[in-house]
1. Tell me the Rg and the Dmax, in Å, that the Cα atoms of the chain produce.
2. Please give the length that would be gained between N41 and V5 if that part of the chain were fully extended, namely 0.36 nm times their separation in residues minus their C-alpha to C-alpha distance (nm, one decimal).
3. Before rounding to the nearest 500, sum -39500 (n - 2.57) across all DSSP H runs of length at least 4 in the chain and divide by the residue total; then give [θ] at 222 nm in deg cm²/dmol.
4. Loop only per DSSP, at most 10 neighbouring Cβ atoms within 10 Å: give me the chymotrypsin sites (Phe, Trp or Tyr not before Pro) in the chain, ordered by residue number.
5. So, R0 is 22 Å and r is the distance between the beta-carbons of L20 and E49; what FRET efficiency does that work out to, to 0.05?
6. Rounded to the nearest 10 degrees, what's the angle between the helix 57-66 long axis and the longest principal axis of the chain, both from Cα atoms, 0 to 90?
7. With +1 assigned to the C-beta of every Lys and Arg and -1 to the C-beta of every Asp and Glu, and no other charges, what is the dipole magnitude of the chain about the Cα centre in debye, to the nearest 20?
Amino acid sequence: MVNKVMLIGNLGADPEVRRLESGVAVARLNIATTEKYKDRNGESQSQTEWHTVVVWRQLAELAEQYLKKGRQVYIEG
């Protein structure tokens, strides 16, 4: 069995980065994905879901350096 997720969305806030006592970086990303569709009446609707993603070590350091609120991100894992 394989579980795989692909998220394309926008960051709702700057990454929250902390370092453990061992020096390992951990970053929490809040990502908003929005689905747009037309309802039965033909009116445009949108539904936003929030996802929390945690990245470790070098990915956390890269997130801290390059990602800011509002940036579009692609996450796969």
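Bear in mind these aren't lab numbers, they're just calculated from the coordinates by the rules spelled out. None of these values were measured; they are calculated from a predicted model. We place every Cβ from the backbone using ideal geometry, glycine too, and count neighbours over all the protein chains shown.
1. Gyration radius and largest Cα-Cα distance of the chain: 15.5, 57 Å.
2. Numbers: separation 36, 0.36 × 36 = 12.96 nm, distance 3.18 nm.
Stretched out fully, the N41 to V5 stretch lengthens by 9.8 nm.
3. Helices in the chain give a 222 nm mean residue ellipticity of -4000 deg cm²/dmol.
4. Qualifying residues, ordered by number: none.
5. 0.15
6. Orientation of helix 57-66: about 60 degrees from the principal axis.
7. Here the size comes out at about 60 debye.
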